[in-house]
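K.L.:
This is the structure, below, for whatever I ask next.
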Amino acid sequence: MGVTTLFLMVGLPGVRLGTDVVVDYGCWSRDERSAIRWLVEAEGACFRMVYLPVDEETQRTRIAHRWATTPEETLPMSGADILHGRAHFEEPDAAELEGRRGGGPPPGWVDWREWAVDRWPSFA
């Protein structure tokens with residue numbers, strides 16, 4: 001089960017119950033982060049993003065450490081996977097970090113909930 005799926009199945013219901021939820025997961029795209037923000041705020045809750053940038057050397061060191069200490073909790077990640085992820089990650093800008101980035105979903109989607117159901121089928 002992916003982290004996003006876990007958030008949608010456990011975290012979002014927690015938000016509905018008024019529980020604070022921390023998602024320690026780097027949503028890689030602005031659209032993913034926007035959808036989660038919208039879903040949380042649609043429940044009347046506050047959304048706050050904390051972004052902690054990590055350089056490639058530190059990332060590789062942390063991955064190697066996880067493999068050495070908790071391989072059963074670590075997803076396989078090759079050097080090519082790391083480079084691919086870093087190349088496709090959309091770093092949040094100041095507006096997004098301050099919660100000022102608004103707007104609707106990408107063209108073709110009625111709202112972020114519809115986008116989320118398509119992006120994360122288990123959310124349906």
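The values are calculated or read from the model by the stated rules, or taken from the named source; none is laboratory data. Just so we're clear, the structure is a prediction, and the values are computed from it rather than from any experiment. No Cβ is skipped: glycine too gets one built from the backbone with ideal geometry, and neighbour counts run over all protein chains shown.
K.L.:
If you take just the helices (runs of 4 or more DSSP H) that sit entirely in segment 41-111, which of them hold at least 1 residues that are at pLDDT 90 or above, under 23 Å from V21 (Cα atoms) and out of contact with any strand residue (DSSP E or B) (no Cβ under 6 Å at 6 or more places or on another chain)? Give the derivation first.
P.N.:
On the way: elements: 56-69, 79-88, 94-97.
Result: 94-97.
K.L.:
Can you give me the number of residues within segment 17-37 that are out of contact with any helix residue (DSSP H, G or I) (no Cβ under 6 Å at 6 or more places or on another chain) and either assigned to a helix (DSSP H, G or I) or of a type in the set (D, E) (or both)?
P.N.:
9
K.L.:
Could you say which residue among G44, G102 is assigned by TED's automatic domain parsing to the domain that holds R16 and on the phi > 0 side of the Ramachandran plot?
P.N.:
Values: G102 fails: on the phi > 0 side of the Ramachandran plot.
Among G44, G102, only G44 is assigned by TED's automatic domain parsing to the domain that holds R16 and on the phi > 0 side of the Ramachandran plot.
K.L.:
Starting from segment 113-124, keep only residues that are in contact (Cβ under 8 Å) with a residue 40 or more places away in the chain, then list their pairs with residues that are in a helix (DSSP H, G or I) and hydroxyl-bearing (S, T, Y) whose Cβ atoms are within a distance under 6 Å, requiring at least 6 positions of separation or different chains.
P.N.:
These pairs meet every condition: W120/T4; S122/T5.
K.L.:
Considering R60, R30, which residue is over 30 Å from D111 (Cα atoms), surrounded by 10 or more Cβ atoms within 10 Å (Cβ to Cβ) and among the charged types (D, E, K, R)? Explain how you work it out, then say what you get.
P.N.:
Details: R30 fails: over 30 Å from D111 (Cα atoms).
Going through R60, R30 in turn, the sole match is R60.
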